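Here is the structure we will look at, set down as structure tokens.
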Amino acid sequence: MADRDGLIWYDGKMVPWRDATTHVLTHTLHYGMGVFEGVRAYKTAEGPAIFRLQDHTDRLFRSAHILGMKLPYTKAQLNQAQLDAIKLNGLESGYIRPMAFYGAEAMGISARTLSTHVIVAAWPWGAYLGAEALEKGIRVKTSSFTRHHVNITMCKAKANGNYMNSILANREAEQDGYDEALLLDVDGFVAEGSGENIFIVRKGKLYTPDLTSALEGITRDTIVQLAGELGIEVVEKRITRDEVYTADEAFFTGTAAEVTPIRELDNRMIGEGVRGPVTTRLQQLYFDCVTGKSEQHRDWLTFVK
Ligand code: PMP
């Protein structure tokens, strides 16, 4: 990743990719206190467009607020930085990673004297779980790692340190031969994937866990809106793992994972073990929206000019 051509927005300036470095005593590197976003730009007939840019920037600021981190830039500046990261790297589509982190002025837990830095990088990134996953679905394992308790780390913050839990769960699932992990909350109910929200379909209705222990996913919100417009009822409720086993369909949502069908959980086939009809419809609609093919929700796109 570090050794490539291109430009990264770093504290207000575009710097050559290889020079976008930071000191080994950077506070966030040691303790994980930082916030980030994962955003996608898609190729459209009118050039690249960033999907729900303002919503991602708003979440970055909410994450910083939760952690008590003051961001030294405005939302407008960071929106522009994301647009510039796509444009100046000549990308038709790509993944955008804004991140805010503490500097290297001091070690120790107190963050009182630290400066806050912000970077925005962008690079091409295809289907997160593989192109085949979007069509055929993935095999998922319930993790032995519990999702964060709401009072241990803050689940509504997309915080760097929270992802240690995600990596532990994802690594365990991959090592055991699965594609992704499903994490349960402290009470044993379904929370989310390592980097995705989850939906199940039963008798034509969509169910998704409430957001107590899960990130407020922007793709989740997109799917809830699109389903509503199709007349599909969406119910937010506590979900058990055996409800997933017996669902007609299940899928993950995320900016990186997009809409990825789940064909198996814990070696139990879900439904027919293929991408189901409701998942297919929502996935198609999602891709039509993000690529500007749908006339609906054009306001979700910010064109890179
Ligand atoms: N949960 C977690 C833990 C995530 O990391 C992500 C990815 N940001 C999501 C859910 C999905 O969020 P979004 O749809 O906004 O990308």
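The values are calculated or read from the model by the stated rules, or taken from the named source; none is laboratory data. Because the structure is a prediction, the values reported are computed rather than measured. Cβ placement follows ideal geometry from the backbone for every residue including glycine, while neighbour counts extend to all protein chains displayed. Surface areas here come from the heavy atoms of the whole protein model, side chains and all, with no ligands, DNA or RNA. Shrake-Rupley method; radii C 1.70, N 1.55, O 1.52, S 1.80 Å.
The residues of region 100-140 that are of a type outside the set (Gly, Ala, Ser) and touching a His at 6+ places or on another chain (Cβ under 9 Å), listed by number, are Phe101, Tyr102, Glu105, Met107, Leu114. Within region 209-220, one or more residues are acidic (Asp, Glu), touching a strand residue (DSSP E or B) at 6+ places or on another chain (Cβ under 8 Å) and touching a residue at least 12 places away in the same chain (Cβ under 8 Å). The residues of region 18-28 that are in contact (Cβ under 8 Å) with a residue 60 or more places away in the chain and not in a loop (DSSP other than H, G, I, E, B), listed by number, are His27, Thr28. Checked against (1) within 18 Å of the chain's Cα centre (by Cα); (2) assigned to a helix (DSSP H, G or I); (3) not acidic (Asp, Glu), Ala41 passes all but condition (2). For region 203-221, the count of residues that are open to solvent by less than 50 Å² (accessible area, probe 1.4 Å) and basic (Lys, Arg) is at least one. Here region 222-249 is the region considered, the condition is being among the basic types (Lys, Arg) and assigned to a loop (DSSP other than H, G, I, E, B), and the residue that is least open to solvent (accessible area, probe 1.4 Å) is Lys237. Among the residues of this structure, Glu192 counts as one that is modelled with pLDDT of 95 or more, buried (at least 23 other Cβ atoms within 10 Å of the Cβ), in contact with a Lys or Arg (Cβ under 8 Å, 6 or more places away or on another chain) and among the acidic types (Asp, Glu). Could you tell me whether region 186-205 includes any residue that is assigned to a strand (DSSP E or B), assigned by TED's automatic domain parsing to the domain that holds Thr260 and among the small types (Gly, Ala, Ser)? Checked region 186-205: at least one residue is assigned to a strand (DSSP E or B), assigned by TED's automatic domain parsing to the domain that holds Thr260 and among the small types (Gly, Ala, Ser). Picking from residues in region 208-226 that are among the polar types (S, T, N, Q) and more than 7 Å from the ligand (Cβ to nearest atom), the one that is nearest to the chain's Cα centre (by Cα) is Thr222. Set side by side, the residues Leu184, Leu168 differ, and just one is more than 12 Å from the ligand (Cβ to nearest atom) and more than 20 Å from Leu211 (Cα to Cα), which is Leu168. Within region 242-264, being within 11 Å of the ligand (Cβ to nearest atom) and out of contact with any strand residue (DSSP E or B) (no Cβ under 6 Å at 6 or more places or on another chain) holds for Gly254, Ala256, Ala257, Glu258.
Each residue in region 125-173 was checked for being open to solvent by 40 Å² or more (accessible area, probe 1.4 Å), in a helix (DSSP H, G or I) and small (Gly, Ala, Ser), and 1 pass.
Mind checking whether some residue in region 230-241 is in contact with a strand residue (DSSP E or B) (Cβ under 7 Å, 6 or more places away or on another chain), within 14 Å of the ligand (Cβ to nearest atom) and outside the structural domain of Ala85 (by TED's automatic domain parsing)? Checking region 230-241: not a single residue is in contact with a strand residue (DSSP E or B) (Cβ under 7 Å, 6 or more places away or on another chain), within 14 Å of the ligand (Cβ to nearest atom) and outside the structural domain of Ala85 (by TED's automatic domain parsing).
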